[in-house]
Amino acid sequence: MKRVLSLLLVLMMAMTLMGSASAETVQEALDAASSMTNEELYEKAKAEIASGAQLNFYSTTSFAEKAASNFEAAYPELAGKIIYAEIDDGETYTKLTNQIGSGVKDSPDMALVQNGPDLKVNLLDDGLAFNYFPAALKDVVPAAYQDPTVVTFINSLMIYNNKEGSVGVKNVWQLTEPEWNGKVFFKDPTNETVNLNFLIMLTSPEWTEKLAKAYEAYYGKAWEKGEFDTAAYEWINGFLKNVNYTFTSASKIATGIASGAAGNLGIFVFSKLRKVDEADRPNLSVLQFENDVDCFSGFMYNVYSTVCSDTDCPYTCALFINWLLSEEGFAGEKSWNSSQGYYSPNTTIGKPEGLEDEPYTYWDGKLVFEDLNYIDSLDNYNEIYRFINVRVSK
Amino acid sequence: MSTIQRDLRREPLRYRMKAFFAKPANLILLFFLIALVVLSLMPMVTMLTNMFTVHAGTEKKMLRVPVGSWTLNHFELLFADPEWSRSNFWTPLLNSLIVATGSGILGILIGGTVAWFITRSDLKCKKFISAVFVFPYMMPAWTLALFWTNMFQNSKVGGGVTGMVESLFGICMPEWFVFGLFPMIMVIGLHYSPFAYLLIGGILKNMDATLEESATILKASRFTIIRRVTIPIVMPAILSTFLLIFSSGFASYTVPVFLGSATRTFTLSTKMRALIQAGYEGQGYIMAFLSILLGTAILGINQYFTGKRKSFTTVSGKSGQVSLVKLRGANGIISAVLIVLTLFFAIMPLVSFALESVIKQAGNYSFSNMTLDFWIGTESSVFETGMPSGILMNGTMWWGLLRQVGLAVTVSLIVGTCGMLIGYACVRRRGTWLARAVENLAFFPYLMPAMAFGTIYLAVATSASFKWMYGSFFLLGLVASVKFLPFASRSGVNSMMQIAPEIEEAATIFGVPWVTRMSRILFPIQKSAIISGYLLPVINVMREVALFTLLVPYPRYLLTTMLFSFNETGYAQYGSAVTLLIIVIIILINSLVNKLTGASFDKGIGG
């Protein structure tokens, strides 16, 4: 009996050591991969696939499916081995933290995730996932988007139903007025973390000040502390009071506003306009393309790539990330760049002609950009979250 | 001397053990006792500990302590913070109670009334009404919820999307009618009314008619007879039915999600999932635990009533001939109304889903707005919708269907076999503590709402020792097998009770091995009950959402969770197409069950 127990103990220790060795190997492989050419990576990826691996990846953006099939077409010897699964934003980190290292067949090798602060706290800080960024792109992708690696930016804009003309929103404080009650559509921020992060970003000193100025411009008097500590909290309170949560996804908001009542306005993912039926599309107008809004007309968030620490195909993951950051990958047929609202961090890739959109730089200052470091550094995250949650739940 | 004493003490035990293990029934009971303790009770313990620990995600980020640390924060937030507590616990709890009570009453009113007409009156077209009336019970409850939305959403409520009623008749129903507590009560009540019909109808059908006849002779009016004779007799059945519908309504998850999201009308189940999804696992586990406590209490009360029912004799043998109440001139109208209503709720959902799966623009039902792209479209035609192809051309859908069918078959094999073995062993060892313990443990999962049960297993699969289970097919199979075991074990016990032990004993005397006795004697005798024990879990798995929603590795893993994801993320046409597909599959399986077992839901009640 003792022998059996000793043997089991030795086996368990060996497995633990192998586990940690494997995590180091993935990190080392990614380090090595970052300075390899795509041809060298392809050779390594072919070897991984030949040894039985397949790249399972989770993504919160459905376009990744098309990116994967284009990738397989470009690297035919990997065909059929890049397996995509769409995952809901809200449960991304519960799923990933539990599946990484579980040993379950087909658990993810990498993921394209939103909500950078959660990526950092739950995966990167705990060594459950690693960052990978190709050295060859260091000069064309701003340093802020290299660690963690951003593969695309996505914007959510104020878009409204124009069947009865313009809604005339020129200042964000208008959206807190009673006349907008039930006419503003926004996805539940307690279920959609990028929406939550947008509201949290408003509490930053920079946006609080901008909101106070916009308040003064709209009401003709300076904002004063009263029921709320800052102008940001007051705006969030007034805005959430008016929000209509009928639609549970950005696609539903887009199609619902397009086919619904005149004057309804939503803050939703710009690219979802592609899901609106052609006959309804003329019913929608992007507020920013009509006039500037004091002090923002939506928000911008990042989609990151991250490699799971237990992957058995780190080189394939690296090659796929290279692909997503490249012109062919990002701007290939029916890829992210073919739709409005997706922007590559690779500054050499611009938006194509003919789309009702503007380049990434255009949105700077007009939208609230998600800042991973600011949200991560918050000491009162708990308090802000509670403030939002009780207003959403009513 | 001491050696002899020790041997004497040991010998009888050894023989007792040998005798104990020589009986297959004892071995089976012991096996299931261990298995059910491990699978039912131990996960509960894991869930209890999870109510006091910090989880990855939001909790870790908010509390800034390592995952797994002990905390009382979940309790503090859920119960001590007035605002949080009201919006995240008390209001959802109140809503759950309102929905459960309302649907219980409605289900009984509808089901009981139809049962009375079918069993106690000379209503026309009884067979047809009886057969069609049980149809909504076969369909998953959420299909009715989706149907309700498709029908009644309109330009005046929610997002202003036109539904069928507005499109066809120009009528706009108010918001309380379309979203919120009222439609939840209507849908759950309608879904469970066939259940009330079956239970109350069974009692009415077998009721001693002399009681009513005596009242008639004494010149009591028809209303007085119903009030003073009929209702008191069926009262235990009514109470029991009410509690069962109440319990199902309280635990319902999918209906409140589809009908409550728009107006932020949360129930305990939907809030539980919302909290878990938002990263508040600890609070979700507390709510799951409270749901289980409440479920146990309700079913305890039900057992009390059904136990009391033994004293209510409904079958006396004195009067087999029931004198039917003559509806006279009202017969035609009542029959027509019932036919229209039953057809509406049985057929219209199918028509509605078929239509919604082919229209491009919501609310526009003209032929020019129709396309089959959502079914058979290729990449070039459906790319804009965000899907790679129509659902019949989509590998993800076929994989989802394959996994769901695989899961249903696996679970049915496990549940059917276990139910039969438990039935056999419990009946053969009836009266022993072991048999009682196994029978009760096998029934234990029935007390837990599906969402809460899934939550328990989520707690297990996310613990360090069982991470290998998380997101696996194995976990789904396990959780479904335990959850659907109660009916199979009860059915196993009931069917085995009907077989006299002498039949098996005779074979034992002739030295026939146990396996042969089971396969050549017991199985053939109770063939149809056993087949039904195997096939019913297939239907359960094919329509289950709440149990799997937290456990699938990703939303499109199974067909039902895929449908749920489609509806949440705005793929309305794909959602309708998958719903239609699921309904058709369930109807086919149900027909198969009926054909193989000769049983049907309404058998024995309808005309």
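The values are calculated or read from the model by the stated rules, or taken from the named source; none is laboratory data. On a predicted model such as this, the values are computed, not experimentally measured, just so you know. Backbone-built Cβ (ideal geometry, glycine too); neighbour counts: all protein chains shown.
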**Message:** I need the full set of residues from region A:150-174 which are under 30 Å from A:Gly116 (Cα atoms) and either within 14 Å of chain B (Cβ to nearest Cβ) or buried (at least 22 other Cβ atoms within 10 Å of the Cβ) (or both), in order please.
**Reply:** A:Val150, A:Val151, A:Thr152, A:Ile154, A:Asn155, A:Ser156, A:Leu157, A:Met158, A:Ile159, A:Tyr160, A:Val172, A:Trp173
**Request:** Out of the residues in region B:250-277 that are more than 17 Å from B:Gly454 (Cβ to Cβ) and not in a helix (DSSP H, G or I), state the one that is farthest from the other protein chains (Cβ to nearest Cβ).
**Result:** B:Thr265
**Prompt:** under 18 Å from the mean Cα position of the chain (by Cα), surrounded by 19 or more Cβ atoms within 10 Å (Cβ to Cβ), within 14 Å of chain A (Cβ to nearest Cβ) and not basic (Lys, Arg), is that true of B:Gly471?
**Reply:** no
**Fill in**
Flagged in region A:238-267 as more than 10 Å from chain B (Cβ to nearest Cβ) and in contact with a helix residue (DSSP H, G or I) (Cβ under 6 Å, 6 or more places away or on another chain), in numbering order, are A:Gly238, A:Phe239, A:Leu240, A:Asn242
**Request:** Collect the residues in region B:243-254 that are hydrophobic (A, V, I, L, M, F, W, C) and surrounded by 23 or more Cβ atoms within 10 Å (Cβ to Cβ), keeping them in residue-number order.
**Result:** B:Ile245, B:Phe246, B:Phe250, B:Ala251
**Message:** Go through (1) at pLDDT 95 or above; (2) surrounded by fewer than 22 Cβ atoms within 10 Å (Cβ to Cβ); (3) within 14 Å of another protein chain (Cβ to nearest Cβ) for A:Ser393 and report which single condition fails.
**Reply:** (1)
**Message:** When you check A:Tyr315 against the structure, is it buried (at least 23 other Cβ atoms within 10 Å of the Cβ) and within 14 Å of another protein chain (Cβ to nearest Cβ), yes or no?
**Reply:** no
**Conditions (1) at pLDDT 90 or above; (2) of a type outside the set (D, E, K, R); (3) not in a helix (DSSP H, G or I): number failed by B:Ala220** = (1)
**Message:** Kindly evaluate B:Tyr424 against the criterion of being in a helix (DSSP H, G or I), touching a residue at least 24 places away in the same chain (Cβ under 8 Å), away from chain A (no Cβ under 14 Å) and touching a Phe, Trp or Tyr at 6+ places or on another chain (Cβ under 9 Å).
**Reply:** no
**Message:** Of the residues A:Ala53, A:Ala45, A:Ala129, only one is within 30 Å of B:Ala461 (Cα to Cα), away from chain B (no Cβ under 14 Å) and surrounded by 18 or more Cβ atoms within 10 Å (Cβ to Cβ); which?
**Reply:** A:Ala53
**Selection within region B:100-126 - in a helix (DSSP H, G or I), of a type in the set (S, T, N, Q) and in contact (Cβ under 8 Å) with a residue 12 or more places away in the chain** = B:Thr101, B:Ser103, B:Thr119
**Top-ranked residue in region B:53-83 [being surrounded by fewer than 17 Cβ atoms within 10 Å (Cβ to Cβ) and charged (D, E, K, R); ranked as farthest from the other protein chains (Cβ to nearest Cβ)]** = B:Glu76
**Request:** Take the residues in region B:289-304 that are within 17 Å of the chain's Cα centre (by Cα) and not polar (S, T, N, Q), then tell me which one is modelled with the lowest pLDDT.
**Result:** B:Leu299
**Prompt:** Looking at B:Val382, is it within 14 Å of another protein chain (Cβ to nearest Cβ) and modelled with pLDDT of 85 or more?
**Reply:** no
**Request:** Specify the residue that is surrounded by the most Cβ atoms within 10 Å (Cβ to Cβ); the eligible residues are those in region B:555-565 that are within 10 Å of another protein chain (Cβ to nearest Cβ) and without any contact (Cβ under 8 Å) to a residue 24 or more places away in the chain.
**Result:** B:Ser565
**Request:** With the condition kept exactly as written, say whether any residue in region B:182-204 is within 14 Å of chain A (Cβ to nearest Cβ) and within 30 Å of B:Ile238 (Cβ to Cβ).
**Result:** yes
**Request:** Report, by residue number, each residue of region A:177-188 that is crowded, with 20+ Cβ neighbours inside 10 Å and either within 16 Å of A:Ser285 (Cβ to Cβ) or of a type in the set (S, T, N, Q) (or both).
**Result:** A:Lys183, A:Val184, A:Phe185
**Message:** Tell me yes or no: at least one residue of region A:288-310 is under 16 Å from A:Ile154 (Cα atoms), among the polar types (S, T, N, Q) and within 14 Å of chain B (Cβ to nearest Cβ).
**Reply:** no
**Prompt:** Are any residues in region A:86-111 in a loop (DSSP other than H, G, I, E, B), more than 7 Å from chain B (Cβ to nearest Cβ) and within 20 Å of B:Ser565 (Cα to Cα), and if so, which ones?
**Reply:** A:Asp89, A:Pro108
**Asked** In the list B:Ala546, B:Ala529, which residue meets the criterion of being more than 14 Å from every other protein chain (Cβ to nearest Cβ), within 26 Å of A:Leu96 (Cα to Cα) and within 20 Å of the chain's Cα centre (by Cα)?
**Response** B:Ala546
**From the options A:Gly256, A:Gly266, A:Gly332, residue that is of a type in the set (Gly, Ala, Ser), over 18 Å from the mean Cα position of the chain (by Cα) and surrounded by fewer than 24 Cβ atoms within 10 Å (Cβ to Cβ)** = A:Gly332
**Prompt:** Which helices (runs of 4 or more DSSP H) does region B:492-553 wholly contain that include 3 or more residues that are touching a Gly at 6+ places or on another chain (Cβ under 9 Å)?
**Reply:** B:527-543
**Prompt:** Quick one: would you say B:Leu93 is buried (at least 22 other Cβ atoms within 10 Å of the Cβ), within 14 Å of another protein chain (Cβ to nearest Cβ) and aliphatic (A, V, I, L, M)?
**Reply:** no
**Message:** Against the definition (more than 14 Å from chain B (Cβ to nearest Cβ), at pLDDT 95 or above and surrounded by fewer than 23 Cβ atoms within 10 Å (Cβ to Cβ)), how does A:Trp235 come out, yes or no?
**Reply:** no
